[in-house]
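Notes follow once the structure below has been shown.
Every read-out reported here was derived from the displayed coordinates using simple, explicitly stated rules and does not represent laboratory data. Given the structure is predicted, the values throughout are model-derived calculations rather than measurements. Counting neighbours? That spans all protein chains shown, and the Cβs are built from the backbone with ideal geometry, glycine included.
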Amino acid sequence: GYVLPSESVVIGPNTAGGLTKTGIGQLNVYGTNTWAQWTRVQEGTMKAMYDKSIPSGTYLTLANDATLDLNDVSEATFTGVDGTGGTVANGDLKIVGEWKISAKKFLSRETTAITGTLDLTGCTGITLIDTDVLDDEAAKLKGMRLFTATKVLGLANVEISGVPKGWKISKIGNGIRLSSERGLALIVR
């Protein structure tokens, strides 16, 4: 069917699941929303039109060059972020709690761009999971980036766990490097 270039919505109570935005248009989100598990923008743009339009504590996934536009009004606090490319625009992104990063997702993802600050001061740790795929796929990691951000806060205080034998994590400036004898990857920059 036809998708309007810009649609607006207020999402009602949803404490069991999340919200997935599909379609190439722009979805403007108003009000204080309560979806709880995830915020997915699979296509087009989701734009926050009000403070707390994007609920705190969900997991953010961006795909297909989708955009989450924080419109400089939304509190943007997530338990993690991943996807296959995309942009967080017009605001800062804060990660709280334990951030689990799947090596399986990392192997296939494109860079997620954060045009503001990636704030890790509330992040209690980063845990690499699904790491059994790393040894077979080390060659694919060379030069790959999970994220780019204008600025990263709190990285020095974040502990990283789950690093498999034969791999090394280094914190360098605003970035994290995951390295092996066969490949190198920039995880957060």
Item checked: Peptides 85-94, 158-167 ordered by average Cβ neighbours within 10 Å, highest first -> 85-94, 158-167
Note to self: Please list, short to long, the whole-number percent of alpha-carbon pairs of region 20-84 in consecutive 10 angstrom bins beginning at zero.
What the structure shows: 26, 60, 15
Notebook entry, point to check: Based only on Cα atoms, what Rg/Rh ratio does region 63-103 have, Rh being taken as Kirkwood's radius?
Noted result: 0.98
